[in-house]
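Have a look at the structure below, then the notes.
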Amino acid sequence: MSDNLITLEGVHTHIGAYHILHGVDLVVPRGQLTMLLGRNGAGKTTTLRTIMGLWQASQGRITFGGQDISTKQTPQIAHLGIAYVPENMGVFSDLTVKENMLLAARSARNAEQMDQERLQWIFKLFPAVEKFWNHPAGKLSGGQKQMLAVSRAIVEPRELLIVDEPSKGLAPSIINNMIEAFQQLKQSGVTILLVEQNINFAKRLGDTVAVMDNGRVVHAGSMQALAQDEALQQSLLGLAL
Ligand SMILES: Nc1ncnc2c1ncn2[C@@H]1O[C@H](COP(=O)(O)OP(=O)(O)OP(=O)(O)O)[C@@H](O)[C@H]1O
Ligand SMILES: [Mg+2]
């Protein structure tokens with residue numbers, strides 16, 4: 001069994017007439033949290049969508065657990081054990097938190113059929129999910145919706161969790177809660193691929209890191225090495241230090 005749960009080799013993606021990904025090479029080591037960083041428009045979201053089959057790779061290969069998923073449809077890819085939390089979160093505002101969770105739990109028809117042990121674990125990770133259980137999700141704050149979105153993704157065991165910018169628009173105190181939750185998720189053994197803009201969030205959580213620019217991965221290595229190298233951060237991410 002390979003140490004890499006998912007591997008992208010020379011992946012190109014076109015969206016309509018636009019050539020967006022120009023040969024992405026990326027590996028996500030099993031059991032680790034991989035940070036995908038890069039400037040706005042670098043191609044991070046497009047990479048995640050291509051993994052999920054929401055965009056079709058026009059060239060290259062994507063393998064998950066050794067299996068080629070490049071030409072599979074999104075439901076098949078999800079079924080193999082990949083959960084995806086998109087940028088816009090996919091939370092249904094008119095439904096209650098409970099109903100949102102139920103929709104994500106494929107095997108349960110009512111709350112009683114949900115894996116209770118897992119649910120208690122999620123309530124511990126994200127207390128807001130329990131607190132607002134019977135409230136419409138539309139009433140949640142941005143941060144709470146973000147937490148509901150991640151909760152939905154982990155309501156059933158998944159091998160790989162892919163999350164697009166979970167810290168976006170969140171207050172620092174909520175970001176700390178989010179970091180703690182991801183630390184616990186890591187300890188549970190799930191492999192995670194996270195897109196981030198917030199370098200401090202990335203530094204605190206990342207094991208490995210890949211940095212994208214112009215539709216390619218231009219740097220890959222350990223998060224710790226990048227965190228310690230401010231000149232490299234500056235050149236890769238253009239951070240105002
Ligand atoms: N539906 C689309 N049609 C045309 N171009 C698109 C579409 N979606 C994305 N793009 C373009 O693809 C490029 C990469 O976009 P993408 O959303 O992957 O970047 P990103 O790294 O996620 O950026 P951000 O940090 O702003 O979320 C951008 O130039 C964007 O304009
Ligand atoms: Mg994006």
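The values are calculated or read from the model by the stated rules, or taken from the named source; none is laboratory data. The structure displayed is predicted, hence computed values, not measured ones. All Cβ positions, even for glycine, are placed from backbone atoms using ideal geometry, and neighbour counts span all protein chains on display.
Values as computed for the structure displayed
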item: Index of the failed condition, residue 83 passing every other in (1) under 23 Å from residue 153 (Cβ atoms); (2) more than 16 Å from ligand 1 (Cβ to nearest atom); (3) in a loop (DSSP other than H, G, I, E, B); result: (3)
item: Sole residue being part of a helix (DSSP H, G or I) and either within 16 Å of ligand 2 (Cβ to nearest atom) or within 23 Å of residue 45 (Cα to Cα) (or both), chosen from 181, 128; result: 181
item: Subset tally (residues that are surrounded by fewer than 16 Cβ atoms within 10 Å (Cβ to Cβ) and touching a Gly at 6+ places or on another chain (Cβ under 6 Å)) for the stretch 106-158; result: 1
item: First in the stretch 37-48 and among the aliphatic types (A, V, I, L, M), second anywhere and within 8 Å of ligand 2 (Cβ to nearest atom), Cβ under 8 Å, 6 or more apart; result: 37/44; 37/195; 48/164; 48/195
item: Exclusive hit being within 14 Å of ligand 1 (Cβ to nearest atom) and free of Cβ contacts under 8 Å to residues at least 60 places away in the same chain, set 100, 110, 88; result: 88
item: When residues of the stretch 51-80 are limited to those that are assigned to a loop (DSSP other than H, G, I, E, B) and among the hydroxyl-bearing types (Ser, Thr, Tyr), the one nearest to ligand 1 (Cβ to nearest atom); result: 70
item: Index of the failed condition, residue 23 passing every other in (1) over 30 Å from residue 234 (Cα atoms); (2) touching a residue at least 24 places away in the same chain (Cβ under 8 Å); (3) of a type outside the set (S, T, N, Q); (4) away from ligand 2 (no atom under 16 Å from the Cβ); result: (1)
item: Selected residue (criterion: farthest from ligand 1 (Cβ to nearest atom)) from residues of the stretch 1-47 that are charged (D, E, K, R) and surrounded by fewer than 21 Cβ atoms within 10 Å (Cβ to Cβ); result: 3
item: Selected residue (only one of 213, 164 is acidic (Asp, Glu), farther than 29 Å from residue 104 by Cβ and within 16 Å of ligand 2 (Cβ to nearest atom)); result: 213
item: Some residue of the stretch 119-129 being at pLDDT 85 or above and at positive phi; result: no
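This table checks each residue for (1) within 16 Å of ligand 2 (Cβ to nearest atom); (2) under 20 Å from residue 9 (Cα atoms); (3) of a type in the set (Val, Ile, Thr); (4) in contact (Cβ under 8 Å) with a residue 24 or more places away in the chain.
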site	(1), (2), (3), (4)
61	no, yes, no, yes
64	no, yes, no, yes
69	no, yes, yes, no
74	no, yes, yes, no
96	no, no, yes, yes
106	no, no, no, yes
